[in-house]
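Okay, so here's the structure we're looking at.
The values are calculated or read from the model by the stated rules, or taken from the named source; none is laboratory data. This is a predicted model, so every value here is computed, not measured. All Cβ positions, glycine included, derive from the backbone under ideal geometry; neighbour counts span all protein chains shown.
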Amino acid sequence: MTQRDADQATRDRTVLAGKRALVVDDQGYMIDVVCEILRHFAADETVRAESVEAAVARFDPHINFDCVICDFNMKPVNGIQFLQAIRAGKLAHVKRDQPFILLTGHGDIEVVKAAKALDVSGYAVKPVAPDTFIKVITRAFATPLALKPVADYERVPTQILKRFQ
């Protein structure tokens, strides 16, 4: 996606029409903010989860999410660990190439490195600005993921990231 396409996406209020998103954050107000942005850009459905465990329960074998938008800093399972489980194929009913946007209040290099190694679809630092956030999401939809072997994802160290929680 070119910069011009990304800029156009922020002006197109229907850019997310037909899309279904799962928003995962342990802070209810942050879920409200993200869901409002998604609705502003015409997302058909936003599903809320206040933990990774609740998010996993929201997956259905018959209906896919177009995107998972997940906070990094959650306990007991953080967003990077959730992404790792998805990419490694450890979750029933979740495609390994599931588009996944990581939200974080941390711009720490270790978090960014782990997210990239796990082929995160997009990365946004809180507080999220609607225009910037929608560009991250539209780029994620426009960029197909070339999955690596499961072992590559399983080798990404996530233990070091607990110091940020």
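Assorted remarks:
- L145 vs. criteria at pLDDT 90 or above, surrounded by 15 or more Cβ atoms within 10 Å (Cβ to Cβ) and either outside any loop (DSSP other than H, G, I, E, B) or of a type in the set (D, E) (or both): no
- Residue match in segment 119-130 (condition: surrounded by fewer than 21 Cβ atoms within 10 Å (Cβ to Cβ), over 30 Å from R13 (Cβ atoms), in contact (Cβ under 8 Å) with a residue 12 or more places away in the chain and of a type in the set (A, V, I, L, M)): no
- Index of the failed condition, L103 passing every other in (1) over 14 Å from the mean Cα position of the chain (by Cα); (2) among the aliphatic types (A, V, I, L, M); (3) farther than 20 Å from H62 by Cα: (1)
- Residues that are at pLDDT 95 or above and among the charged types (D, E, K, R), drawn from segment 38-89: R39, D44, E45, R48, E50, E53, R58, D66, D71, R87
- Residue check, A92 aliphatic (A, V, I, L, M), part of a loop (DSSP other than H, G, I, E, B) and without any contact (Cβ under 8 Å) to a residue 60 or more places away in the chain: yes
- A92 vs. criteria surrounded by fewer than 17 Cβ atoms within 10 Å (Cβ to Cβ), modelled with pLDDT under 95 and not aromatic (F, W, Y): yes
- Residues of segment 99-118 satisfying the condition of being more than 14 Å from I86 (Cβ to Cβ), part of a helix (DSSP H, G or I) and not acidic (D, E): I109, V111, V112, K113, K116
- Complete set of residues in segment 107-137 that are within 20 Å of H40 (Cα to Cα) and touching a Cys at 6+ places or on another chain (Cβ under 9 Å): G122, I137
- Members of segment 24-37 that are touching a residue at least 40 places away in the same chain (Cβ under 8 Å) and more than 22 Å from I80 (Cβ to Cβ): I37
- Qualifying positions in segment 38-57 - surrounded by 15 or more Cβ atoms within 10 Å (Cβ to Cβ), in contact with a strand residue (DSSP E or B) (Cβ under 7 Å, 6 or more places away or on another chain), not small (G, A, S) and not in a strand (DSSP E or B): L38, V52
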